[in-house]
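Let me begin by presenting the structure, written as structure tokens, before commenting on it.
The values are calculated or read from the model by the stated rules, or taken from the named source; none is laboratory data. Not measured: the values here are computed from a predicted model. Reconstructed Cβ throughout: ideal geometry from the backbone, glycine too, with neighbour counts over all protein chains shown.
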Amino acid sequence: MKYKSVFDIIGPVMIGPSSSHTAGAARIGRIARNLFRKEPKWVKISFYGSFAKTYKGHGTDVAIVGGILDYDTFDERIIHSIEQARKKGIRVKFHEEDAITDHPNTARILMGDDEGELELVGISIGGGKVEIIELNGFELKLSGHHPAILVVHDDRFGAIAAVSNILAKHQLNIGHMDVSRKEKGKMALMTIEVDQLIDEAVIDEISSLTHITQVTRISD
């Protein structure tokens, strides 16, 4: 399918496909790129439900790859994102999955390079809004519409309070907070969305805490 303009696939005037299948997909891809923190060498994208049935005609494939290339939803380069990814040497594969998911617009992204990989599951909930519901096997709820901090830590007493105290000291108001763990006493993931921008000093201070493994900042 050919597109004459980016507005054929992504608003603000929604001509043709819905924002759920395009703008939402681009945001899921861009959050994955943000979390991986660099350009991957390979990407495997699995579509479920409505995404699997319509992704080619609705531009979901070019949108999600555009997000992985760090293009915003209004970036006209999205139209040619798959071709651009291949020119960069990024191997991209798509899979249509038959499995039934809780949400019809679901995508799983597995991406990596020689140093590591990241796996993420996102859903497009309408109007360009998304939620990340799984990250490297951890269940979470991340909207991507607010500044956020993801903290990988040992599941120990006082870890959550220590991070919360640092945010309070820097006058960062928590809008949403979620904690997930795979096994009691092992590794856990804190997902914290805040109302204000997060300075690097906050990240450094949290990183210096005992039992903290990794801290990732996501900008709004």
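Would you confirm whether or not region 37-57 contains a residue that is modelled with pLDDT under 90 and either under 12 Å from I109 (Cα atoms) or within 12 Å of the chain's Cα centre (by Cα) (or both)? Within region 37-57 (the criterion being modelled with pLDDT under 90 and either under 12 Å from I109 (Cα atoms) or within 12 Å of the chain's Cα centre (by Cα) (or both)), the answer is yes, since at least one residue qualifies.
Name the helices (runs of 4 or more DSSP H) wholly inside region 47-144 in which the number of residues that are farther than 16 Å from R27 by Cβ is 1 or more. I'd like the intermediate steps shown before the answer.
On the way: elements: 49-54, 60-68, 81-87.
So the answer is 49-54, 81-87.
Just one of (1) outside any strand (DSSP E or B); (2) over 29 Å from K184 (Cβ atoms); (3) not assigned by TED's automatic domain parsing to the domain that holds I198 fails for Q171. It is (3). Going through region 119-130 one residue at a time, which ones are surrounded by 17 or more Cβ atoms within 10 Å (Cβ to Cβ) and either within 24 Å of V202 (Cβ to Cβ) or out of contact with any strand residue (DSSP E or B) (no Cβ under 7 Å at 6 or more places or on another chain) (or both)? Listed by number, the residues that qualify are L120, G128.
Given the structure, is R108 among the charged types (D, E, K, R), buried (at least 18 other Cβ atoms within 10 Å of the Cβ) and within 20 Å of the chain's Cα centre (by Cα)? For R108, the condition - among the charged types (D, E, K, R), buried (at least 18 other Cβ atoms within 10 Å of the Cβ) and within 20 Å of the chain's Cα centre (by Cα) - is met.
Within the group S50, S81, S46, which residue is in contact with a Lys or Arg (Cβ under 8 Å, 6 or more places away or on another chain), among the hydroxyl-bearing types (S, T, Y) and either surrounded by 17 or more Cβ atoms within 10 Å (Cβ to Cβ) or in contact (Cβ under 8 Å) with a residue 40 or more places away in the chain (or both)? Quick ask: steps written out before the conclusion?
On the way: S50 fails: in contact with a Lys or Arg (Cβ under 8 Å, 6 or more places away or on another chain); S81 fails: in contact with a Lys or Arg (Cβ under 8 Å, 6 or more places away or on another chain).
The unique qualifying residue is S46.
Looking only at residues of region 22-40 that are in contact with a Gly (Cβ under 7 Å, 6 or more places away or on another chain) and not in a helix (DSSP H, G or I), we find that the one that is nearest to G89 (Cα to Cα) is P40. Applying the condition of being surrounded by fewer than 17 Cβ atoms within 10 Å (Cβ to Cβ), under 13 Å from the mean Cα position of the chain (by Cα) and of a type outside the set (K, R) to region 140-170 and asking which residue is modelled with the lowest pLDDT yields H145. Out of I78, I68, I82, one residue alone is closer than 29 Å to T213 by Cα and modelled with pLDDT of 90 or more. It is I68. Cβ-Cβ contacts under 8 Å between residues 6 or more apart (or on different chains), taken from a first residue in region 141-169 that is closer than 17 Å to E183 by Cβ and free of Cβ contacts under 8 Å to residues at least 60 places away in the same chain to a second residue that is basic (K, R) and in a strand (DSSP E or B), are listed as D155/R181. Look at A201 and say whether it is more than 20 Å from I123 (Cβ to Cβ), modelled with pLDDT of 90 or more and touching a His at 6+ places or on another chain (Cβ under 8 Å). Yes.
Scan region 184-220 for residues that are among the aliphatic types (A, V, I, L, M), surrounded by 12 or more Cβ atoms within 10 Å (Cβ to Cβ) and not in a strand (DSSP E or B) and report the count. Talk me through it step by step, then tell me what you get.
The first filter runs over region 184-220 and keeps only residues among the aliphatic types (A, V, I, L, M), leaving 187-190, 192, 194, 197-198, 201-203, 206, 209, 212, 215, 218.
From the residues that got through so far, the ones that are surrounded by 12 or more Cβ atoms within 10 Å (Cβ to Cβ) too are 187-190, 192, 194, 198, 202-203, 206, 209, 212, 215, 218.
Checking which are not in a strand (DSSP E or B) leaves us with 198, 202-203, 206, 209.
Adding up the residues that qualify gives 5.
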